[in-house]
Amino acid sequence: MENTDSDSTHLLVPEVDPETHPGPGNIQFDPSDLRSKRPFYIEPTNIVSIDDVLQRVSDHASAMNKRIHYYSRLTAPADNALVAPDHVVPGPEECYVYSPLGSAYTLQSCSQGPGKNTSLVTIFMIWNTIMGTSILSIPWGIKQAGFTTGICVIVLMGLLTLYCCYRVVKSRTMISSVDTTTWEYPDVCRHYFGSFGQWSSLLFSLVSLVGAMIVYWVLMSNFLFNTGKFIFNFVHHVNDTDAALSTNDSNPVTCPSAGSGHPDNGSATYGSGPDLQQFEKWWDKSRTVPFYLIGLLLPLLSFKSPSFFSKFNILGTVSIVFLTFLVTVKAVHLGFHLEFHWLTPTEFFVPEIRSKFPQLTGVLTLAFFIHNCIITLLKNNKNQGNNMRDLSIAYMLVTLTYLYIGILVFASFPSPPLSKDCIEQNFLDNFPNSDILSFVARIFLLFQMVTVYPLLGYLARVQLLGQVFGDAYPSIFHVTILNLVIVGAGVSMACLYPNIGGIIRYSGAACGLAFVFFYPSLIYIISLRQEDRLTWPKLIFHVFIIVLGLANLITQFFM
């Protein structure tokens with residue numbers, strides 16, 4: 001996710017030529033009256049994009065920030081008597097930006113000038129921010145819901161999450177008592193709910209972050225295992241397509257979980273020989289490979305600055321484009337295999353309507369999740385009047401991407417001879433290790449996740465340790481303990497519960513309950529009530545949204 005904020009325009013935007021640094025990676029800031037953005041205040045601990053320096057904010061700047069913040073509370077918001085003059089505000093070199101529910105991106109430059117992102121760049125940023133590892137589980141979610149039901153659920157969830165995102169964007173404008181120009185959504189929650197809003201925002205933000213890191217560890221273990229297996233098979237001329245139920249053609253598709261009802265967690269037994277036996281002993285998906293990642297990723301989590309890893313974020317877009325290409329090629333070669341049975345399953349096909357559809361809604365809650373940073377992304381739009389149009393177009397493109405991947409994988413899955421129930425929670429697992437396109441896709445995704453994982457860990461550290469200890473890096477001991485807990489959770493899940501669909505739907509339903517369903521609807525109800533504009537239809541509709549979010553979370557534990 002790309003997530004930035006601005007606290008004072010003149011601090012962040014120096015007087016330079018606006019054409020100096022063109023490009024979509026240069027995130028811009030909303031031009032507003034300088035005086036309206038006072039007082040300026042940034043906690044020294046809340047810094048995401050920093051250089052490798054120990055002193056993040058000077059003592060003088062920190063003291064001045066706190067003094068200005070204190071003075072601002074002595075008068076009413078409309079009273080300018082104690083507004084800080086320009087000459088006492090810290091300079092741009094001591095100004096950092098941070099969103100409390102942050103993302104894996106860092107701010108590269110702010111020299112292009114305020115509000116210079118075009119609608120096209122804004123739409124692309126939102127699309128790129130929303131798209132993530134959830135896309136690998138969309139075909140499985142459609143299988144769980146039924147083909148027709150799955151398509152309808154994706155469209156409806158896209159519309160529902162878009163509306164809730166709209167409510168998030170409009171939440172600041174409904175507060176007239178204070179200046180909300182520089183506010184992010186957690187600030188809105190804190191305004192309405194006090195410390196409860198602040199700490200609940202932190203809790204659910206950590207749920208989404210740690211949940212994503214667990215999914216990453218499971219997927220990295222999967223991709224590393226399959227990559228090593230591909231190399232071993234290639235060197236030793238081993239063909240493993242016969243190790244599991246599969247089609248017998250030039251484009252084989254496998255069913256690793258045939259007869260087990262759960263994903264394959266270990267190495268399939270095929271062939272013989274001492275080299276093969278040793279390889280299977282030391283290269284097992286659930287017993288050894290997850291532990292090998294510790295040696296690589298645990299040291300990376302201890303970096304004080306993740307700026308190096310942010311340079312590889314373009315790999316996320318490359319991975320999605322390549323997955324789309326892979327799915328298209330496979331669909332062309334395999335053709336479509338569909339039969340419609342509305343309620344009764346058959347040997348090879350699932351019914352169109354299944355009671356397991358809440359599993360798909362849980363996955364989609366995270367798949368459409370951008371509500372914690374949408375204010376920041378739209379704040380940088382050149383034409384603020386196009387915000388809702390651009391947001392709607394971005395959501396439409398995300399929905400179409402999910403539909404394209406989900407429909408093509410489900411429809412082209414060869415049934416018969418394989419049952420549609422064989423579609424895995426990670427649809428790449430349905431392609432054998434010898435498949436070249438799948439091998440390349442796994443390499444792309446593995447490298448992307450290795451670079452993003454430390455960024456997610458850094459954000460979790462900033463949020464948790466910064467809130468508890470007032471310092472994102474209180475000591476190497478504190479950071480190591482936190483890293484061991486996060487890594488331990490990932491390794492445990494990769495060994496005991498390597499089901500990315502399950503992890504995504506649980507974490508998605510949990511954080512979605514707060515940021516997608518509960519807070520946007522409740523804040524809107526409170527705002528209307530304060531303005532005496534609350535009507536029964538609006539109350540019933542938004543209470544219904546909250547009930548849907550609660551039901552979405554509860555049903556995940558009964559599926």
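The values are calculated or read from the model by the stated rules, or taken from the named source; none is laboratory data. Note that this is a predicted model, so its numbers are computed, not measured. Here the Cβ positions follow ideal geometry from the backbone for every residue, glycine too, while neighbour counts run over all protein chains shown. Surface accessibility is based on the protein's heavy atoms, side chains included, excluding ligands, DNA and RNA. Shrake-Rupley method; radii C 1.70, N 1.55, O 1.52, S 1.80 Å.
Scan around Asn117 for amide H atoms under 5 Å from its own, H built in the peptide plane at 1.01 Å from N, and keep only partners 5 or more places away or cross-chain.
Gln28, Lys382
How much accessible area per residue does region 430-559 have, in Å², with a 1.4 Å probe? Write out the running numbers ahead of the final one.
Numbers: 5260 Å² over 130 residues.
For region 430-559, the per-residue accessible area is 40 Å².
In the neighborhood of Leu323, defined by Cβ-to-Cβ distances under 14 Å, what is the net charge if each Lys or Arg adds +1 and each Asp or Glu adds -1? Write out the running numbers ahead of the final one.
Numbers: positive: Lys330, Arg442; negative: Asp429, Asp435.
Combined, the nearby Lys, Arg, Asp and Glu give 0.
Be a star and scan region 384-416 for residues whose amide nitrogen sits under 11 Å from the point 7 Å along the Cα-to-Cβ vector of Asn251.
Residues 409, 412-414 qualify, since their backbone N sits under 11 Å from the label point.
Quick check: with the 1.4 Å probe, what order do His371, His478 take by accessible area, largest first? Show your work: numbers first, answer last.
Numbers: His371 0, His478 60 Å².
If we order His371, His478 from most to least accessible, we get His478, His371.
Considering only protein heavy atoms, what is the solvent-accessible area of Ile231 at a probe of 1.4 Å, reported in Å² to the nearest 10?
My reading of the accessible area for Ile231 is about 90 Å².
Roughly what would the spin-label model give for Leu343 and Phe291, points 7 Å off Cα along C-beta, in nm?
Placing both labels 7 Å along Cα→Cβ, they lie 5.2 nm apart.
Mind ranking Met559, Met396, Met220, Met174 by accessible surface for me, highest first, 1.4 Å probe?
Working: Met559 80, Met396 100, Met220 0, Met174 30 Å².
Correct descending sequence by accessible area is Met396, Met559, Met174, Met220.
Apply the Karplus curve 6.51 cos²θ - 1.76 cosθ + 1.60, θ = phi - 60°, to the phi angles in region 547-559 and return the couplings in whole Hz, x for Gly and Pro.
Per residue, the Karplus-derived 3J(HN,Hα) values read 4, 4, x, 5, 5, 4, 6, 5, 5, 4, 8, 10, 9 Hz.
Can you give the FRET efficiency for Val329 and Ser177, using 1/(1 + (r/R0)^6), R0 = 51 Å, r = Cβ-Cβ distance, to the nearest 0.05?
Working: r = 57 Å, r/R0 = 1.12.
Result of the calculation: an efficiency of 0.35.
How much FRET efficiency would the formula 1/(1 + (r/R0)^6) give for Phe196 and Ile476, where r is the Cβ-Cβ distance and R0 is 30 Å, rounded to 0.05? If you can, show how the numbers build up before the last one.
On the way: r = 33 Å, r/R0 = 1.09.
That gives a FRET efficiency of 0.35.
Could you look at region 342-456 and say what percent of its accessible area is carbon and sulfur, using a 1.4 Å probe and all protein chains?
That fraction is 70 percent.
Report the extension gain between Ile554 and His237 in nm, rounded to one decimal, defined as 0.36 nm multiplied by the number of residues separating them, less their alpha carbon distance.
Details: separation 317, 0.36 × 317 = 114.12 nm, distance 4.88 nm.
Extra length from Ile554 to His237 when fully extended: 109.2 nm.
Between Arg529 and Thr148, what length comes free when the chain is fully extended (0.36 nm per residue of separation minus the Cα-Cα distance, one decimal in nm)? Please report the intermediate quantities before stating the final value.
Working: separation 381, 0.36 × 381 = 137.16 nm, distance 3.97 nm.
Using 0.36 nm per residue and subtracting the Cα-Cα distance, I get 133.2 nm.
Return the FRET efficiency for the residue pair Phe541, Trp282: r is the Cβ-Cβ distance, R0 is 45 Å, and the value is rounded to the nearest 0.05. Intermediate values should be presented prior to the final figure.
Working: r = 57 Å, r/R0 = 1.27.
Efficiency computed from Cβ-Cβ geometry: 0.20.
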